[in-house]
Number of protein chains: 2
Amino acid sequence: MENPHLEEAHEALRVRRSREETVLLVGECSVKYEGRASSTLEPGDRVLLIKQDGSLQVHRPFDLSPVNWQPPGSILRLRIQDRSLIIRAYNPRGRESLEIVFSKIALLAVLDLRDSGSFFLHASEEEMRSAILLQPSILEEGFKPLAVERPIEPGFIDILGLDGRGTLTVVEVKRREAGKEAVLQLKRYVDSLRMETGKEIRGIIAAPGLARGAQRMLAALGLEFKVISPQRCEEIIRRDKERRMTEFLT
Amino acid sequence: MENPHLEEAHEALRVRRSREETVLLVGECSVKYEGRASSTLEPGDRVLLIKQDGSLQVHRPFDLSPVNWQPPGSILRLRIQDRSLIIRAYNPRGRESLEIVFSKIALLAVLDLRDSGSFFLHASEEEMRSAILLQPSILEEGFKPLAVERPIEPGFIDILGLDGRGTLTVVEVKRREAGKEAVLQLKRYVDSLRMETGKEIRGIIAAPGLARGAQRMLAALGLEFKVISPQRCEEIIRRDKERRMTEFLT
DNA sequence: ATTTACATTTCGGGG
DNA sequence: CCCCGAAGTGTAAAT
């Protein structure tokens, strides 16, 4: 519907089988949010996207992220008042509410979208961990993994293993350049494990890079760093998959 | 345009004055992303939103966040191939690329959106800090702030002050329930400042809540917690604004 | 340009 | 359901 009357839009939205269709609404609106925080947005042209799962988002014509939104599972209330279409979205759990007041509507589309396609993401931190387990030599020749996600106070050690000399080694994996936070995280684990075992412990950050300030801190704390790129890990995973596929077929 | 031919859609997008209009494109598509990570998305019905600032996002009919996106400043390339409309978005800086292949188009809208309305967000962590400075008693009777965002190795102390007895006190402010990470952050600051000054230091987390596990850790480390809600801070700020407005007018 | 920390972060996994 | 941490995090402010 192009330039529908407010009443037409109201009716079309009301009829929408609850939560089963996706709605696009473009027009002039103002927005008020009240919940964990609160916000107000003065009138302007925006795009409102309401999804099948009850999530909704208000987009300005700039910025990647929505200016206001409500997570999946929200409940909608519609009404016409003062020549405006008012949409209220409640989030039952978090007692949050969003009120969008449309004074003009340029476009309304109610869409039945079918989307069951799978989404695959590669080069994640989890893939990096898997690649190191599959081919420990990319971290260091002679490294032998013992455990992944080993619980320690406080948190979890990404990879715990033994180096070529048999020294217990804590590996902290990051998919992007590691900063001071990562260094301190690693230090906590090393200290905690040293306390626990009473033995010498090595600590290594495995990441595609290490921030300048973090380098000094790392050195000062007697920890180490090894360049590991997510892309290379992804390739190791892919080659392993292919290898296993070939073995399966032959 | 409803159910436009691929060629019509291609032409309409080509003509769009570069980056000056917002585009909504709904239809069946698949997506490939290559950059910091990589991803593939199998065919399905989605909403593509291209904004005036060159940002774009692909939305599935569920989930709040887009399944694929490109930040503001991206460059678009369009072509028709194999009965599909192919949209490539390059990010010149991060050498990232997104390729969206539309096989069917249900809706195409090219929109000239005018949006200069101001956006105001309240109850942020910054407002919480301001409220404590304005009315230190909400933290503790007799508390006197000395500095905000005081640099320390490593990081910044949210609020540094003196308690009623004159003891140096580090305050770590969180706008939502604080977890272990916040406790450890506070402990680093307290330890660092104790080392720096050689004096006794108190450490207080000011937040609307404290996670279960973090409570034990807090107690074990000799730190403290004070309930401070962002909403209450917002009210203090608002009342102060009103007061100053009144003073200004009288 | 780089670093730093917040965010109505969102999202997913594990206990 | 709570808790915890990753994310193609994005974003803005400070250095």
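Points to keep in mind about this one:
- On the stretch given as the range B:1-13, residues that are closer than 25 Å to B:Arg93 by Cβ and either touching a helix residue (DSSP H, G or I) at 6+ places or on another chain (Cβ under 9 Å) or free of Cβ contacts under 8 Å to residues at least 40 places away in the same chain (or both) total 0.
- Any strands (runs of 3 or more DSSP E) falling wholly within the range A:143-212 and containing at least 1 residues that are touching a residue at least 60 places away in the same chain (Cβ under 8 Å): A:201-207
- Some residue of the range B:127-136 being part of a strand (DSSP E or B) and more than 16 Å from DNA strand C (Cβ to nearest atom): no
- Near pairs, Cβ below 9 angstrom, 6+ apart or cross-chain, from the range A:124-141 (farther than 15 Å from A:Asp240 by Cα) to any residue that is assigned to a helix (DSSP H, G or I) and modelled with pLDDT of 95 or more: A:Leu139/A:Ile132
- Residues of the range A:179-220 that turn out to be away from chain B (no Cβ under 11 Å), surrounded by fewer than 17 Cβ atoms within 10 Å (Cβ to Cβ) and more than 10 Å from DNA strand C (Cβ to nearest atom), as a count: 9
- Residue tally, condition among the small types (Gly, Ala, Ser), buried (at least 16 other Cβ atoms within 10 Å of the Cβ), more than 13 Å from A:Leu85 (Cα to Cα) and away from DNA strand C (no atom under 14 Å from the Cβ), over the range A:14-44: 1
- The criterion of being surrounded by 21 or more Cβ atoms within 10 Å (Cβ to Cβ), away from chain B (no Cβ under 14 Å), under 25 Å from A:Leu121 (Cα atoms) and of a type in the set (D, E, K, R) holds for A:Glu172.
- The residues of the range B:1-13 that are surrounded by fewer than 17 Cβ atoms within 10 Å (Cβ to Cβ), in contact with a strand residue (DSSP E or B) (Cβ under 9 Å, 6 or more places away or on another chain) and part of a helix (DSSP H, G or I), listed by number, are B:Glu7, B:Glu8, B:Ala12.
- All strands (runs of 3 or more DSSP E) inside the range B:14-60 with 2 or more residues being touching a residue at least 24 places away in the same chain (Cβ under 8 Å), in contact with a strand residue (DSSP E or B) (Cβ under 6 Å, 6 or more places away or on another chain) and more than 9 Å from every other protein chain (Cβ to nearest Cβ): B:22-34, B:38-50
- Residues being without any contact (Cβ under 8 Å) to a residue 12 or more places away in the chain and within 16 Å of DNA strand C (Cβ to nearest atom) - total across the range A:88-123: 7
- Per the conditions (1) over 23 Å from B:Gln52 (Cβ atoms); (2) out of contact with any Asp or Glu (no Cβ under 8 Å at 6 or more places or on another chain), the sole criterion not satisfied by A:Pro72 is (2).
- Residue in the range B:215-228 that is within 26 Å of the chain's Cα centre (by Cα), within 20 Å of A:Glu34 (Cα to Cα) and in a helix (DSSP H, G or I) present: no
- With respect to the stated conditions, B:Ser97 is on the phi < 0 side of the Ramachandran plot, of a type in the set (Ser, Thr, Tyr) and either more than 7 Å from chain A (Cβ to nearest Cβ) or within 12 Å of DNA strand D (Cβ to nearest atom) (or both).
- Inside the range A:100-124, residues that are out of contact with any Asp or Glu (no Cβ under 8 Å at 6 or more places or on another chain) and within 16 Å of DNA strand D (Cβ to nearest atom) make up a count of 3.
- The single condition among (1) in contact with a Pro (Cβ under 9 Å, 6 or more places away or on another chain); (2) more than 19 Å from A:Cys233 (Cα to Cα); (3) of a type outside the set (D, E, K, R); (4) modelled with pLDDT of 95 or more that A:Gly73 does not meet is (4).
- Scanning the range A:70-83 for residues that are buried (at least 17 other Cβ atoms within 10 Å of the Cβ) and assigned to a strand (DSSP E or B), we see that the one that is farthest from DNA strand C (Cβ to nearest atom) is A:Leu76.
- Total residues in the range B:106-154, condition touching a strand residue (DSSP E or B) at 6+ places or on another chain (Cβ under 7 Å) and either within 8 Å of chain A (Cβ to nearest Cβ) or not charged (D, E, K, R) (or both): 27
- Annotation for the range B:179-192: no member residue is of a type in the set (D, E, K, R), over 23 Å from the mean Cα position of the chain (by Cα) and over 26 Å from A:Val183 (Cβ atoms).
The values are calculated or read from the model by the stated rules, or taken from the named source; none is laboratory data. Since the structure is predicted, the reported quantities are computational estimates derived from the model, not experimental observations. All Cβ positions, glycine included, derive from the backbone under ideal geometry; neighbour counts span all protein chains shown.
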